[in-house]
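A.B. asks: Sharing a structure here in structure tokens format.
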Amino acid sequence: MSIPFITTPSDTKHPVLQGVSLVMYDLDGTLVESVPDLAVALDKMLLALDLPPAGESKTRLWVGNGIPSLVKRAIADDAHGDQPGRVNDTLFEKGFDLFRQYYNEELGLHSYLFPGIVPFLEAMHQRGIPQAVITNKSEQFSHRLLQIMGIDHFFEAVIGGDSLPEKKPHPMPLLHVMKQFDVPANQALMIGDSISDVRAARAAGVKVIGLPYGYNHGEPIEIANPDLVVMSLDQLL
């Protein structure tokens with residue numbers, strides 16, 4: 001079965017939005033092109049560890065499962081699959097601390113919003129639909145990045161990878177937000193760019209839209225089989 005792929009704007013509200021009373025979004029690769037910040041901080045970390053820099057192309061393959069996973073992948077130079085490589089604990093702890101320091105310095109300096117994001121967020125806001133960010137990035141960095149990008153006011157909740165005992169692809173973050181807003185699964189929508197987003201949505205029983213421009217470990221988002229793929233969110237308006 002082929003996945004619907006929207007390439008042109010519609011004059012009417014797309015059926016996928018009908019009956020939706022809560023929209024949940026991934027952050028990196030969905031709302032924000034954040035790899036440039038991450039890559040600079042990661043390369044600084046690697047150089048401080050006397051390891052070769054990775055650059056943006058490799059960083060894109062490693063993003064999506066939180067900072068610990070990102071650091072392990074970079075140190076191991078593991079560009080394959082969606083699981084981090086094995087890394088010496090002492091080296092990982094040093095790299096983890098260094099990365100957080102450098103990322104704190106670089107956060108928001110090189111990132112930007114993807115096209116179509118603000119019109120869609122504004123439209124959902126105008127319709128009175130609660131919006132939440134569910135990301136595997138740490139909550140601290142997530143709040144700051146949303147503020148720097150100037151879109152933090154659109155979101156009633158921000159759940160980071162360290163906010164709850166489980167993170168995506170586990171459904172716990174989605175279920176937590178749905179409970180917070182008292183919204184049943186059939187009225188919720190998840191929007192993301194990776195297989196972790198799709199798996200979390202499926203496990204939570206909610207509809208999921210995939211965006212093809214993000215960081216899905218080098219694989220097309222269509223392989224994850226979301227309900228719909230769109231080039232830009234404003235095409236749904």
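The values are calculated or read from the model by the stated rules, or taken from the named source; none is laboratory data. This one's a predicted model, so the numbers in the text were calculated from it and none came from an experiment. For neighbour counting, all protein chains shown are included, and Cβ atoms are generated from backbone atoms with ideal geometry for every residue, glycine included. These area figures cover heavy atoms from the full protein model, side chains too; ligands, DNA and RNA do not enter into them. Shrake-Rupley method; radii C 1.70, N 1.55, O 1.52, S 1.80 Å.
A.B. asks: Carbon and sulfur atoms: what percent of the 1.4 Å accessible area of the chain do they account for? All intermediate terms of the calculation are to be shown ahead of the outcome.
C.D. replies: Numbers: 5390 of 10330 Å².
It is 52 percent, rounded to a whole number.
A.B. asks: Suppose all protein chains stay in the model; what accessible area per residue would a 1.4 Å probe give for the chain, in Å²? Numbers along the way, then the final one.
C.D. replies: Values: 10330 Å² over 237 residues.
For the chain, the per-residue accessible area is 44 Å².
A.B. asks: Setting aside same-chain residues fewer than 8 positions from K44, which lysines have a Cα under 21 Å from its Cα?
C.D. replies: Filter leaves K58, K72, K94, K137.
A.B. asks: Please work out, to two decimal places, the log10 of the ratio I(q)/I(0) at q = 0.16 Å⁻¹ from a Debye calculation in which every Cα of the stretch 172-215 carries one identical scatterer.
C.D. replies: Result of the Debye calculation: -0.38.
A.B. asks: On to the next question. From a point 7 Å beyond the Cα of L113 in the direction of its Cβ, which residues of the stretch 123-142 have a backbone N at a distance under 14 Å?
C.D. replies: 123-126
A.B. asks: From the alpha carbon gyration tensor of the chain, can you work out the equivalent ellipsoid semi-axes (sqrt of 5 times each eigenvalue) and give them in Å, largest to smallest?
C.D. replies: Working: eigenvalues 183, 61, 57 Å².
Semi-axis lengths for the chain are 30, 17, 17 Å.
A.B. asks: While we're on this one: What does the charge add up to near P171, with Lys and Arg as +1, Asp and Glu as -1, over the other residues with Cβ less than 15 Å from its Cβ?
C.D. replies: Details: positive: K167, K168, K179, R199, R202, K207; negative: D26, E166, D197.
Neighbour charge sum, excluding P171 itself: +3.
A.B. asks: Using square roots of five times the C-alpha gyration tensor eigenvalues, list the equivalent-ellipsoid semi-axes of the stretch 8-141 in whole Å, biggest first. If you can, show how the numbers build up before the last one.
C.D. replies: On the way: eigenvalues 237, 40, 36 Å².
Result for the stretch 8-141: semi-axes of 34, 14, 13 Å.
A.B. asks: For K179, give me every one of the aspartates and glutamates with a C-alpha distance below 15 angstrom, ignoring sequence neighbours fewer than eight places off in its own chain.
C.D. replies: E156
A.B. asks: Would you mind classifying the stretch 106-237 by shape? Square roots of the alpha carbon gyration tensor eigenvalues, ordered a ≥ b ≥ c; an a/c under 1.5 is rounded, otherwise it is prolate if a/b is larger than b/c and oblate if not. Walk me through the numbers before you get to the answer.
C.D. replies: Working: a/c = 1.14, a/b = 1.08, b/c = 1.06.
Since a/c stays below 1.5, the shape of the stretch 106-237 is classed as rounded.
A.B. asks: Still on this structure, please answer the following. Any chance you could get the radius of gyration and Dmax over the Cα atoms of the stretch 78-179, in Å?
C.D. replies: 16.1, 50
A.B. asks: Under a Cβ-only charge scheme (Lys and Arg +1, Asp and Glu -1), can you give me the dipole magnitude of the stretch 111-216 about the Cα centre, in debye to the nearest 20?
C.D. replies: Values: 9 positive and 9 negative charges, 52 e Å.
With only Lys, Arg, Asp and Glu charged at Cβ, the dipole is about 240 debye.
A.B. asks: In terms of solvent-accessible area of protein heavy atoms at a 1.4 angstrom probe, what is the ranking of E106, E222, E156, highest value first?
C.D. replies: Values: E106 20, E222 65, E156 100 Å².
Of E106, E222, E156, the descending order of accessible area is E156, E222, E106.
A.B. asks: Name the aspartates and glutamates eligible as straight-distance cross-link partners of K167: C-alpha to C-alpha under 16 Å, and not fewer than 8 places from it in the same chain.
C.D. replies: Reachable aspartates and glutamates: D26, D28, D82, E139, D193, D197.
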